[in-house]
1. Exactly which trypsin sites (Lys or Arg not before Pro) in the range 133-209 are in a DSSP loop and have at most 14 other Cβ atoms within 10 Å?
2. Rounded to two decimals, what is Rg over Rh for the range 1-87 when you use alpha-carbon atoms and the Kirkwood radius?
3. So how do 13-22, 90-99 stack up, highest first, on mean other-Cβ count within 10 Å?
4. Of all the accessible heavy-atom surface of the range 30-178, with the other protein chains kept in place and a 1.4 Å probe, what percent is carbon and sulfur?
5. If packing is taken as the average count of other Cβ atoms within 10 Å, what order do 104-111, 213-220, 28-35 fall into, highest mean first?
6. For the range 71-173, just the Cα atoms, rotate onto the principal axes and tell me the three extents in Å, largest first.
7. Which whole-number percentage describes the relative contact order of the range 175-277, with Cα contacts under 8 Å and a sequence gap of 6 or more?
8. Kindly rank 138-146, 81-89 from highest to lowest mean number of other beta carbons found within 10 Å of each residue.
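The values are calculated or read from the model by the stated rules, or taken from the named source; none is laboratory data. Small disclaimer: the values here were computed from a predicted structure and weren't measured. Every residue, glycine as well, gets a Cβ built from its backbone with ideal geometry; the counts of neighbours run over all protein chains shown. We work out accessible area using only protein heavy atoms, side chains counted, and drop any ligands, DNA or RNA first. Shrake-Rupley method; radii C 1.70, N 1.55, O 1.52, S 1.80 Å.
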Amino acid sequence: YAQNLGYSLLPSILGYLLVGSIFFVAHKIRKSLSHLDFMLNVSGYVLAFYVTLRLHFFSPDPLIPNFGMGLVLVLVLIAGLLVYALGKNSEFLAALAMIFLIATALFSIYPQTSFVLRVLSAAVVAVLFLRKEWRHLLMVSLFLVYLSHFLWLMGNPVLGNPLGVVDAHHNNLVYLFVYAAIYAIIPLTARKETIPERFYLSVVIWNAISFMVLVLLVVLAFYEETYAGIFAIIAVVCLGYSVVLYRRGTREFIPALFACFGFMAMSVSVFGYTGLPNAHLLLALQSLLVMSMALWYRSRIIVVMNTILFLVILLIYTAAYPSVDSI
């Protein structure tokens, strides 16, 4: 209300006084009402984040007009919450800090800044997983990073913009590769006995699905003429990383999953370079390459995936195109 009346300093002072009061009450009742103490601390950090954001963001006449200074203050608050979470060994508070960081990325009007903040969030969470084994934090981060990138790609309706694809790509495809690489490093790390193998499988699958969906959207929006090269790069990276994982011998199914995603990207790339119906011959020959890797890995997953893809290719060819002797 005070902000709408044209005051800029008074709302911030009142906000921080209220935050301080909440933390003071939480400190006083920490022994007698520990659950309420926890809830008050969480509420205090949420309010502190909101008040700090209002120093620059969401204000027509902000108290701090410089974007860089406003961003630094928000990041200092998030860093403080993260340090507090580590001190308390609280995965929930760490997740709250990462939610604040992703939200800040969405509130930024500068695309490169928002991309860097997402990369920072993914990197911090990956380090915390390796140190603390915080599985839920890793999955929350994975979904939020890709979801926030999707929202940016759709014009960032969070800021009240009309829903629609952004006008320029701002090299966002590069950052998609960086997100995917950070989360893909997790299976390469030494296996922790306390974490089941299915968790690593979930990270690989959801990372790959989210990455592929967003890459497809970006390609349809900005790279319809050059998508073959993009998917060729994805194929080379996935297959190369699959071989590295297999030679490390630390995972049973994950190298095969990376190989499957790599061959799917290779199929798209072949289609992009040759078109139909000529692509069918190369795709059929690609199946021989897939089977050779399946034999090398002794992987039923690759055999099943290759069989499905080959049957789909065969059905499309026989149903939609005239017969070509060589094919």
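1. Working: sites: ARG135, ARG191, LYS192, ARG198; in loops: ARG191, LYS192.
Here the trypsin sites (Lys or Arg not before Pro) that fit, given the DSSP loop and packing criteria, are ARG191, LYS192.
2. Working: Rg = 14.4 Å, Rh = 13.9 Å.
A ratio of 1.04.
3. Working: 13-22: 14.7, 90-99: 20.6.
Ranking, from highest mean packing down: 90-99, 13-22.
4. On the way: 4910 of 7080 Å².
Heavy-atom surface of the range 30-178 belonging to carbon and sulfur, 1.4 Å probe: 69 percent.
5. Details: 104-111: 18.2, 213-220: 16.4, 28-35: 10.9.
Listed from highest to lowest mean packing, they are 104-111, 213-220, 28-35.
6. Sorted from largest, the Cα extents of the range 71-173 read 43, 26, 20 Å.
7. Details: 79 pairs, mean separation 31.2, N = 103.
The normalised contact order for the range 175-277 reaches 30 percent.
8. Peptide ranking by packing, descending: 138-146, 81-89.
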